[in-house]
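**Q** Okay, handing you the structure first.
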Amino acid sequence: MDRQEKEQWIDKLLIFTNDVIEDIGRTINLVSFDFSENGEDTIKFIDKHEIEANELTLIARICISRKYLEYTSNSGELKDLSLTEYGQGRAVSATMEKDIPTETSSQINIGTLNADGNTQIGSHNTQNIEIIFKELIENINDANAPEEQKQEAKSRMKAFLEHPLVGTALGLGGNAIMTLLGLGA
């Protein structure tokens, strides 16, 4: 299994765990998984995806080492694992990424551009990313929810942005975008 395949399997495993959590309507700290050799979640995951048990064990161990999954007890052997905030952030990002249609055309049209606000020409630009996160923070602040939930949402976004892979994927450091968004580094 090459590096790219491992990353794809990590995404699948994290999406699987997050989907289970969301389906039962619990928070990440209240749900545990059993990815041991004959564990219930191992069987469900292998039934859903074509992967060997030893490969799943490798992927689960990588998720633990990267703090996407963590032990909730000292049972070991990939039992009593829970999804972390980092893991949930990656799962949500991976889900969103696969839902975005890929561009199949490299067509360039040069014509008239009339803009009545912030405008940037290009695709996947950091300015656009910054605007999206600013709007997300504004929407969180404006949400009809208790202040505690708003702070938790912003804390999770901050944790997501602090991850080095996120900074790399966005094309700038997570700390840089957090400073731009007023989340502090």
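The values are calculated or read from the model by the stated rules, or taken from the named source; none is laboratory data. Please read these numbers as outputs of a predicted model, since none were measured by experiment. Reconstructed Cβ throughout: ideal geometry from the backbone, glycine too, with neighbour counts over all protein chains shown.
**Q** Name every residue in segment 38-97 that is touching a residue at least 24 places away in the same chain (Cβ under 8 Å), over 13 Å from Ile28 (Cβ atoms) and aromatic (Phe, Trp, Tyr), in order of residue number.
**A** Phe45
**Q** Report yes if Leu78 is assigned by TED's automatic domain parsing to the domain that holds Leu14, modelled with pLDDT of 85 or more, among the hydrophobic types (A, V, I, L, M, F, W, C) and under 14 Å from the mean Cα position of the chain (by Cα), otherwise no.
**A** Numbers: assigned by TED's automatic domain parsing to the domain that holds Leu14: yes; modelled with pLDDT of 85 or more: yes; among the hydrophobic types (A, V, I, L, M, F, W, C): yes; under 14 Å from the mean Cα position of the chain (by Cα): no.
No; evaluated as a whole, the condition is false for this residue.
**Q** Of all residues in segment 50-75, count the ones that are modelled with pLDDT of 90 or more, in a loop (DSSP other than H, G, I, E, B) and surrounded by 13 or more Cβ atoms within 10 Å (Cβ to Cβ).
**A** Filtering segment 50-75 down to residues modelled with pLDDT of 90 or more leaves 51-70.
Imposing the further condition that a residue be in a loop (DSSP other than H, G, I, E, B) reduces the set to 51-52, 66-68.
If we keep only those that are surrounded by 13 or more Cβ atoms within 10 Å (Cβ to Cβ) too, we end up with 51, 66, 68.
Adding up the residues that qualify gives 3.
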